[in-house]
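Novice: This is the structure I want to talk about, given as structure tokens.
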Amino acid sequence: MNMEKATSAIKNAWIAGAISGVLTMIVALIGAFGYDLWNLIDAFLILGLSFGIYKKNRACAVILFVYWIGGKILQIVELGVQGQVGSSIGTLPIAIIFGYYFFQGIRGTFAYRRIVKEETKEEKIESESINKKSKRKPFLISCGVAAAVVVAIAVGLIIWFASGPQGGVLMSNEMEEYALEYIEQHNLLNDTESLIAYYDVTVSLDGSEAAILTTERVIYHKDGRTVSIDLKDVDDVQHRYDNISGDIIEVRSKSGMRLKIEIAPWNNGESFYNALMDAWKISGTKK
């Protein structure tokens, strides 16, 4: 890579970072697409690292690329927990394009530094080393601060997930208090039935979308609407596993009504299916 290509790669990288940072800041400020304060911090990090790339700082180029890739992996994992990873496919090409430019930024900054050393006489390098160190220090400090913030955010997310309610399929003896309160407040169960298994679909675990199995019915509650099929009216239950969506359970009633339940990978979907099959058998209508 010659000097012209190196400076072009650096330019493309910091422009891509500026575009990403500005767009993220805009949607975070207006609260669109579920963006919040974390996304505003994300925007400032990207803009700060992009400024470092503009100044041809190699550390900032490496950090921005790693941060971008890590963020996309975390996003895919979160969507996978929701069983909605397919919704990120549309943005994947754009993410790949930005990642490409950030990677080229790494190549450009390293090539630029190498070319400067090769083309500059040793005496000139020594005379300018003091000035370069004094100019480079603020950017190295800013990149170090940015890296520290990224680590702090990652640790915060880990602590937040660890301290929150338990997700995945829960049996009646494992039920969290928030779920029991939500079920009672919205009168989701009849007086004659008891809860067997429960799965909260939401990432925030607020109970607004959940699959519920009782001694009498299989229930799906979403956004205030509740759909259910009595176990005695179940005609067929189909179960399959998909590496992206997880466990997919389809319940068909004798009248032809269908109810679909998707349980994200690593959320014990098979436990819900087994409990459903046992409850159906106990109802006396299983073929």
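Novice: Using the structure shown, decide if residue 21 is within 16 Å of residue 103 (Cα to Cα), assigned to a helix (DSSP H, G or I) and either modelled with pLDDT of 85 or more or assigned by TED's automatic domain parsing to the domain that holds residue 144 (or both).
Specialist: It is false that residue 21 is within 16 Å of residue 103 (Cα to Cα), assigned to a helix (DSSP H, G or I) and either modelled with pLDDT of 85 or more or assigned by TED's automatic domain parsing to the domain that holds residue 144 (or both).
Novice: I'm checking my understanding of the structure. Among residues of region 235-287 that are in a strand (DSSP E or B) and within 20 Å of the chain's Cα centre (by Cα), which one is farthest from residue 214 (Cα to Cα)?
Specialist: 242
Novice: Of the residues that make up region 266-285, is at least one out of contact with any Lys or Arg (no Cβ under 9 Å at 6 or more places or on another chain), of a type in the set (Phe, Trp, Tyr) and modelled with pLDDT of 95 or more?
Specialist: Yes, there is a match, as at least one residue in region 266-285 is out of contact with any Lys or Arg (no Cβ under 9 Å at 6 or more places or on another chain), of a type in the set (Phe, Trp, Tyr) and modelled with pLDDT of 95 or more.
Novice: Right, another one. Filter region 71-98 down to residues that are at pLDDT 80 or above and not aliphatic (A, V, I, L, M), then give me how many there are.
Specialist: 1
Novice: Something else now. With the structure loaded, tell me whether residue 221 is touching a Phe, Trp or Tyr at 6+ places or on another chain (Cβ under 7 Å) and either of a type in the set (D, E, K, R) or assigned to a strand (DSSP E or B) (or both) or whether it fails that test.
Specialist: no
Novice: Then there is this: Report yes if residue 198 is assigned by TED's automatic domain parsing to the domain that holds residue 271, surrounded by 13 or more Cβ atoms within 10 Å (Cβ to Cβ), of a type in the set (Phe, Trp, Tyr) and not in a strand (DSSP E or B), otherwise no.
Specialist: No; evaluated as a whole, the condition is false for this residue.
Novice: Pairs please, first residue from region 224-253 and within 10 Å of residue 264 (Cα to Cα) and free of Cβ contacts under 8 Å to residues at least 60 places away in the same chain, second anywhere and surrounded by fewer than 15 Cβ atoms within 10 Å (Cβ to Cβ) and of a type in the set (Phe, Trp, Tyr), Cβ atoms under 8 Å, 6+ apart in sequence or on different chains.
Specialist: Taking only residues 6 or more apart or on different chains, the pairs are 247/241; 248/241.
Novice: Something else now. Regarding residue 275, is this residue touching a residue at least 24 places away in the same chain (Cβ under 8 Å), touching a helix residue (DSSP H, G or I) at 6+ places or on another chain (Cβ under 9 Å) and of a type in the set (Gly, Ala, Ser)?
Specialist: Spelling it out, it is not the case that residue 275 is touching a residue at least 24 places away in the same chain (Cβ under 8 Å), touching a helix residue (DSSP H, G or I) at 6+ places or on another chain (Cβ under 9 Å) and of a type in the set (Gly, Ala, Ser).
The values are calculated or read from the model by the stated rules, or taken from the named source; none is laboratory data. A quick note: this is a predicted structure, and the numbers were derived from the prediction, not measured. A quick note on method: Cβ atoms are made from the backbone with ideal geometry, for glycine too, and the neighbour counts reach across all protein chains shown.
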